[in-house]
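Structure first, then comments.
The values are calculated or read from the model by the stated rules, or taken from the named source; none is laboratory data. The structure presented is a predicted model; accordingly, all values stated were derived computationally and were not measured. So basically every Cβ, Gly included, is an ideal-geometry build from the backbone, and we count neighbours across all protein chains shown.
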């Protein structure tokens, strides 16, 4: 009898303590001087870790700069970041945790199309607007979602320059390959139509799995098709694998283009002389005369000791858009922020942000760069070109 | 043309097999003596590869020149893992094998974290020996040829040492019959440390050679553990000749299925073969059925 009532007493005390904790937590989130918490997941480990790092640093730089100037709505900003380990399922769980347990005020997008495709619905589910600077794939925007916005050039823009260059030089045939995941698939689907429109023919078209251990088989097939252009929609490790296998099999296309692997600043260091003449897509360059771009590049280098890449610029630009939306809404009202993002143009370091009714980007352009003498130089379109294209591509001796 | 193509596919397959065999040898040495599957194997391969990439870019030391250093570093790491972790396992307990799996699994995550802390998540590769010899219309990629040759040399030296030296006989005795070996005065603890050091040294050597073939970051290690494990199971756990034959077959399967089928099917081959072997020939191609 006595023991029972004592345990009842303990249970009561415990529940009271828990209640107090909740009240405490609630009153804390309601305070005006408390920071605005922005939740995101970034691939800090796994296959996308190297690019994920730049993406995160883009967010961080913006947050630090805004905080130094008094924050948003008089409140400091705070990033709440989880490592999604390059895994879509992990990211979904973590965004749910950010919204439901951590009660973040705002969310911004993760790294990579595959992961954004998985988490896009969460934005609509909780009616929290999400600008996602790393989703070039178009699939998430075909789902009638209202709260997700694309903060990067759409995926087919990535290969536009490569195809225009091929047309300009009178090349006829393209061998198309790439990693079989969301973003590369999304581009691969667009290539045959774009090529045909430019008078080119796709003579080989096969994707390979993520984390492939062998590229010699696919390169043998490319060799058999004897193309003028090799167009690979590839990340870093597969770009290196393909470039090695092409060289070893003595395949000499006139134009060699990888979508994003060579955009990493360390590509030439890891690949050596074989990087000379490689073309790749780039959504941003420090040379772009967009608003505040030179200052951004300088501040990034000062903060992290390395030059920013386009991922860093896109994530920084996403925060600029969010900042503009909040300045206009004068509050953290999700629907006001959403409406602003859906309808307004914002000048960012990446160009002029603008989306269509599905949330797909229509404002940003994609550039085509070439590795020349260990430097990444814009060669297309001519409006932004920093150097003349070296052609045909040849294995530098 | 067709003969040339098929010859090229065979060469590609065998050389890929050489890469697989090299990666798998270290795992096999350790299993042969200690019955421990070293799940940190791939991480040791990658840690060495990353180190080789950095010293190549900083100091111009090629992975070939770094090979002796890799062997020594791997041996030290293996000794440390055995002395400080595995040695604490109870000798005869039923749970010994499971616990050792958990320990090496833990070590693998420790090594991933350590590699990330030292090298960051950046992908690296060594741009050395990346071209081919072109002979009679066939391409012989240099780095792969070298890896293949070194895999054979290491396997050959291992076979000789294990068969003809006193230490080698002691190692084999320890792997076959623990109590019998102890009764003959063999120091079991020392044999285990020795095999772990040897296995990790070979894993590190393979990392040095693979550094020129792949691009890798700290997270790519588990791929090498998986492929190595498939090779070892295919050849027969503890059988060195079997591992090389198995690796060659796997390489050929990946090369031909990848070419005539597609690369998705090609990439599945190691695991398809793995399951088939477990179903129909659990002792592997050249492995002997367990006697105890």
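Here are some notes:
- In region A:202-237, the residues that are surrounded by 19 or more Cβ atoms within 10 Å (Cβ to Cβ), assigned to a helix (DSSP H, G or I) and more than 8 Å from chain B (Cβ to nearest Cβ): A:219, A:222, A:223
- Within region A:34-47, no residue that is within 14 Å of chain B (Cβ to nearest Cβ) and within 8 Å of residue A:106 (Cα to Cα) sits with its Cβ atom under 7 Å from a residue that is crowded, with 19+ Cβ neighbours inside 10 Å and modelled with pLDDT of 90 or more at 6+ positions apart or across chains.
- Unique residue being in contact (Cβ under 8 Å) with a residue 60 or more places away in the chain and outside any strand (DSSP E or B) when the list is A:137, A:162: A:162
- Residues of region A:274-306 satisfying the condition of being within 14 Å of chain B (Cβ to nearest Cβ), closer than 21 Å to residue A:134 by Cβ and in a loop (DSSP other than H, G, I, E, B): A:306
- Extreme residue, surrounded by the most Cβ atoms within 10 Å (Cβ to Cβ), among residues of region B:5-33 that are farther than 19 Å from residue B:206 by Cβ and more than 11 Å from chain A (Cβ to nearest Cβ): B:10
- Meets criteria (modelled with pLDDT under 95, farther than 30 Å from residue A:263 by Cα and either in contact with a strand residue (DSSP E or B) (Cβ under 7 Å, 6 or more places away or on another chain) or within 13 Å of chain A (Cβ to nearest Cβ) (or both)) for residue B:152: no
- Output for region A:246-261, where each listed residue is within 14 Å of chain B (Cβ to nearest Cβ) and over 25 Å from the mean Cα position of the chain (by Cα): A:246, A:247, A:248, A:249, A:250, A:251, A:252
- Candidates B:145, B:188, filtered to the one that is within 30 Å of residue A:249 (Cβ to Cβ) and surrounded by fewer than 23 Cβ atoms within 10 Å (Cβ to Cβ): B:145
- The combined condition, being within 11 Å of chain B (Cβ to nearest Cβ) and either out of contact with any strand residue (DSSP E or B) (no Cβ under 9 Å at 6 or more places or on another chain) or part of a loop (DSSP other than H, G, I, E, B) (or both), is not fulfilled by residue A:271.
- Region B:209-242 - residue that is within 10 Å of chain A (Cβ to nearest Cβ) and assigned to a helix (DSSP H, G or I) and, of those, surrounded by the most Cβ atoms within 10 Å (Cβ to Cβ): B:224
- Qualifying positions in region A:256-268 - surrounded by fewer than 24 Cβ atoms within 10 Å (Cβ to Cβ) and more than 16 Å from residue A:54 (Cβ to Cβ): A:268
- Taken over region B:250-275, the criterion of being within 13 Å of residue B:230 (Cβ to Cβ) and either at pLDDT 90 or above or out of contact with any helix residue (DSSP H, G or I) (no Cβ under 9 Å at 6 or more places or on another chain) (or both) is satisfied by B:250, B:251, B:253, B:254, B:275.
- Residue check for residue B:247: crowded, with 24+ Cβ neighbours inside 10 Å, within 14 Å of chain A (Cβ to nearest Cβ) and modelled with pLDDT of 90 or more: yes
- Selection within region A:100-125 - in contact with a helix residue (DSSP H, G or I) (Cβ under 9 Å, 6 or more places away or on another chain) and surrounded by fewer than 17 Cβ atoms within 10 Å (Cβ to Cβ): A:103, A:121, A:125
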